[in-house]
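Structure, as C-alpha coordinates:
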Amino acid sequence: MGTGSQTSPTLILNEMFTGELLRGTGHKRIDAVAPDYAYLDSAVDSMVRQSPAERPATIAQISEVVFRAS
(Lines give C-alpha, C1' and ligand atoms only; values in the text may rest on other atoms or scores of the structure.)
Protein backbone atom coordinates (compact mmCIF):
# COMPACT_ATOMS: atom_id res chain seq x y z
CA MET A 1 0.00 0.00 0.00
CA GLY A 2 1.30 3.44 -0.86
CA THR A 3 1.08 6.45 1.40
CA GLY A 4 -2.07 7.77 -0.28
CA SER A 5 -3.89 4.46 -0.47
CA GLN A 6 -6.28 5.22 2.40
CA THR A 7 -7.57 8.40 0.79
CA SER A 8 -10.42 6.81 -1.22
CA PRO A 9 -11.69 4.60 1.63
CA THR A 10 -11.53 7.64 3.91
CA LEU A 11 -13.63 9.72 1.54
CA ILE A 12 -16.11 6.87 1.18
CA LEU A 13 -16.32 6.36 4.96
CA ASN A 14 -17.05 10.03 5.56
CA GLU A 15 -19.53 10.21 2.67
CA MET A 16 -21.40 7.12 3.92
CA PHE A 17 -22.28 8.99 7.09
CA THR A 18 -22.55 12.60 5.91
CA GLY A 19 -23.84 12.19 2.35
CA GLU A 20 -21.29 14.79 1.24
CA LEU A 21 -17.87 14.65 -0.34
CA LEU A 22 -15.02 15.60 1.96
CA ARG A 23 -13.26 18.56 0.36
CA GLY A 24 -10.89 20.87 2.17
CA THR A 25 -11.37 22.10 5.70
CA GLY A 26 -14.71 22.73 7.32
CA HIS A 27 -16.30 19.59 5.86
CA LYS A 28 -19.31 17.98 7.50
CA ARG A 29 -18.13 15.65 10.23
CA ILE A 30 -19.53 12.25 11.13
CA ASP A 31 -20.39 13.41 14.65
CA ALA A 32 -22.79 15.98 13.16
CA VAL A 33 -25.00 13.27 11.67
CA ALA A 34 -24.17 10.13 13.67
CA PRO A 35 -23.01 11.03 17.20
CA ASP A 36 -22.58 7.36 18.13
CA TYR A 37 -19.80 7.16 15.52
CA ALA A 38 -18.08 10.44 16.39
CA TYR A 39 -14.90 8.54 17.21
CA LEU A 40 -14.44 7.90 13.47
CA ASP A 41 -13.81 11.63 12.90
CA SER A 42 -10.32 11.34 14.40
CA ALA A 43 -9.53 8.47 12.02
CA VAL A 44 -10.81 10.45 9.03
CA ASP A 45 -8.85 13.52 10.14
CA SER A 46 -5.63 11.54 10.42
CA MET A 47 -6.09 9.88 7.02
CA VAL A 48 -6.63 13.13 5.08
CA ARG A 49 -3.64 15.05 6.39
CA GLN A 50 -1.80 17.16 3.82
CA SER A 51 1.53 15.43 4.38
CA PRO A 52 1.64 11.71 3.58
CA ALA A 53 4.18 11.30 6.39
CA GLU A 54 1.48 12.36 8.88
CA ARG A 55 -1.10 9.83 7.63
CA PRO A 56 -1.41 6.27 8.90
CA ALA A 57 0.53 4.04 6.50
CA THR A 58 -1.01 0.70 7.40
CA ILE A 59 -4.37 -0.77 8.34
CA ALA A 60 -2.89 -1.54 11.77
CA GLN A 61 -2.16 2.16 12.30
CA ILE A 62 -5.69 3.09 11.21
CA SER A 63 -7.13 0.51 13.59
CA GLU A 64 -5.03 1.96 16.39
CA VAL A 65 -6.44 5.45 15.73
CA VAL A 66 -10.03 4.15 15.62
CA PHE A 67 -9.80 1.94 18.70
CA ARG A 68 -7.89 4.53 20.73
CA ALA A 69 -10.69 7.03 20.07
CA SER A 70 -13.63 4.67 20.63
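Summing -39500 (n - 2.57) over the DSSP H runs of n ≥ 4 in the chain and dividing by its residue number, what mean residue ellipticity at 222 nm do you reach, to the nearest 500 deg cm²/dmol? After summing the helix terms and dividing by the residues of the chain, the value is -14000 deg cm²/dmol. Note on Met16 and Ser51: their simple-model spin labels are 3.0 nm apart, each label 7 Å out from Cα toward Cβ.
Quote the charge dipole size of the chain about the Cα centre in Debye, to the nearest 20; the model charges only the Cβ of Lys and Arg (+1) and of Asp and Glu (-1).
Details: 6 positive and 8 negative charges, 34 e Å.
With only Lys, Arg, Asp and Glu charged at Cβ, the dipole is about 160 debye.
Within the full protein context, the accessible area of Thr18 is estimated at about 20 Å² for a probe radius of 1.4 Å. Relative contact order, whole percent, for the chain stands at 31, derived from Cα pairs under 8 Å and 6 or more residues apart. For the chain, the solvent-accessible area works out to 65 Å² per residue, with a probe of 1.4 Å and every protein chain left in place. Based on every Cα atom in the chain, Rg and the maximum pairwise Cα distance Dmax equal 11.4, 31 Å. In the chain, the portion of solvent-accessible area held by carbon and sulfur atoms comes to 55 percent [1.4 Å probe, whole percent, DNA, RNA and ligands not counted].
Ser8 to Ala69: FRET efficiency via 1/(1 + (r/R0)^6), r the Cβ-Cβ distance, R0 22 Å, to the nearest 0.05?
On the way: r = 21 Å, r/R0 = 0.96.
E(calc), rounded to 0.05, equals 0.55.
Between Arg23 and Thr58, the contour length at 0.36 nm per residue exceeds the Cα-Cα span by 10.3 nm.
The values are calculated or read from the model by the stated rules, or taken from the named source; none is laboratory data. Quick caveat: nothing in here was measured; it's all calculated off a predicted structure. With ideal geometry, Cβ positions are generated from the backbone for all residues, glycine too; neighbour counts draw on all protein chains shown. Please note that ligands, DNA and RNA were not included when accessible areas were found on the heavy atoms of the full protein model with its side chains. Shrake-Rupley method; radii C 1.70, N 1.55, O 1.52, S 1.80 Å.
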